[in-house]
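The values are calculated or read from the model by the stated rules, or taken from the named source; none is laboratory data. No experiment lies behind these values; they were computed from the predicted model shown. Using ideal geometry, Cβ is built from the backbone for each residue, glycine included, and neighbour counts are taken over all protein chains shown.
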């Protein structure tokens with residue numbers, strides 16, 4: 001116990017500091033779907049904090065990444081590639097345009113379509129580069145300490161879930177377990 005001197009004289013003993021209680025999480029034996037949601041939520045929050053000063057959200061950075069990789073991409077194509085609704089992409093693109101991170105180019109001459117190809121602006125390129133560097137560093141931290149075979153198994157399992165396979169665990173090979 002720590003001892004302190006009271007302003008009016010005798011030494012007093014302070015009670016020991018209490019450790020904070022652990023969060024009430026299901027732990028390793030919890031429901032796997034709940035653990036996956038909690039992990040995704042925690043990662044999303046970490047990503048939001050990581051890039052907040054850049055003026056973009058993780059979904060906006062993801063859209064910016066796709067537009068940067070495919071200059072001239074149409075919003076409808078962006079929605080398909082990102083697996084988002086056209087309404088959601090419309091909102092994301094509007095916010096990116098407002099921030100001057102993307103702009104719409106004129107469509108093909110004589111085209112009757114109102115769809116405009118999207119391109120990343122120089123300011124958007126800077127944000128994209130910084131955001132990707134930060135996200136890559138955070139991704140590296142996620143797998144620190146994992147053996148290569150376990151990392152490969154984890155990646156395969158997550159990819160199988162994302163692909164909608166009915167039995168994602170079946171995608172794992174016996175030597176990965």
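Which condition does residue 143 not pass, out of (1) farther than 30 Å from residue 100 by Cα; (2) at pLDDT 95 or above, if it passes all the others?
(2)
From the list 91, 36, 84, 25, which residue is at pLDDT 90 or above, surrounded by fewer than 16 Cβ atoms within 10 Å (Cβ to Cβ) and under 28 Å from residue 169 (Cα atoms)? Walk me through how you get there before you give the answer.
Values: 91 fails: under 28 Å from residue 169 (Cα atoms); 84 fails: surrounded by fewer than 16 Cβ atoms within 10 Å (Cβ to Cβ); 25 fails: at pLDDT 90 or above.
Of 91, 36, 84, 25, the one residue that is at pLDDT 90 or above, surrounded by fewer than 16 Cβ atoms within 10 Å (Cβ to Cβ) and under 28 Å from residue 169 (Cα atoms) is 36.
Considering 96, 66, 84, which residue is in contact with a strand residue (DSSP E or B) (Cβ under 6 Å, 6 or more places away or on another chain) and either assigned to a helix (DSSP H, G or I) or within 22 Å of residue 163 (Cβ to Cβ) (or both)? Steps first, answer last, please.
On the way: 66 fails: in contact with a strand residue (DSSP E or B) (Cβ under 6 Å, 6 or more places away or on another chain); 84 fails: in contact with a strand residue (DSSP E or B) (Cβ under 6 Å, 6 or more places away or on another chain).
96 is the lone residue from the list that is in contact with a strand residue (DSSP E or B) (Cβ under 6 Å, 6 or more places away or on another chain) and either assigned to a helix (DSSP H, G or I) or within 22 Å of residue 163 (Cβ to Cβ) (or both).
Which condition number does residue 42 fail, the rest of (1) out of contact with any helix residue (DSSP H, G or I) (no Cβ under 6 Å at 6 or more places or on another chain); (2) surrounded by 10 or more Cβ atoms within 10 Å (Cβ to Cβ); (3) modelled with pLDDT of 95 or more being met?
Of everything listed in (1) out of contact with any helix residue (DSSP H, G or I) (no Cβ under 6 Å at 6 or more places or on another chain); (2) surrounded by 10 or more Cβ atoms within 10 Å (Cβ to Cβ); (3) modelled with pLDDT of 95 or more, residue 42 misses just condition (3).
Would you confirm whether or not the range 119-133 contains a residue that is in contact with a strand residue (DSSP E or B) (Cβ under 7 Å, 6 or more places away or on another chain) and part of a loop (DSSP other than H, G, I, E, B)?
Of the residues in the range 119-133, the ones in contact with a strand residue (DSSP E or B) (Cβ under 7 Å, 6 or more places away or on another chain) are 119-121, 124, 128.
So of that shortlist, the ones also part of a loop (DSSP other than H, G, I, E, B) come out as 121.
Among the residues of the range 119-133, at least one is in contact with a strand residue (DSSP E or B) (Cβ under 7 Å, 6 or more places away or on another chain) and part of a loop (DSSP other than H, G, I, E, B), which makes the answer yes.
Only one of these is surrounded by fewer than 17 Cβ atoms within 10 Å (Cβ to Cβ) and under 30 Å from residue 32 (Cα atoms): 156, 97. Name it. It would help to see each step written out before you state the result.
Values: 97 fails: under 30 Å from residue 32 (Cα atoms).
The match here is 156.
Residue 54: surrounded by 13 or more Cβ atoms within 10 Å (Cβ to Cβ), under 28 Å from residue 35 (Cα atoms) and within 18 Å of the chain's Cα centre (by Cα), yes or no?
Details: surrounded by 13 or more Cβ atoms within 10 Å (Cβ to Cβ): yes; under 28 Å from residue 35 (Cα atoms): no; within 18 Å of the chain's Cα centre (by Cα): yes.
No; evaluated as a whole, the condition is false for this residue.
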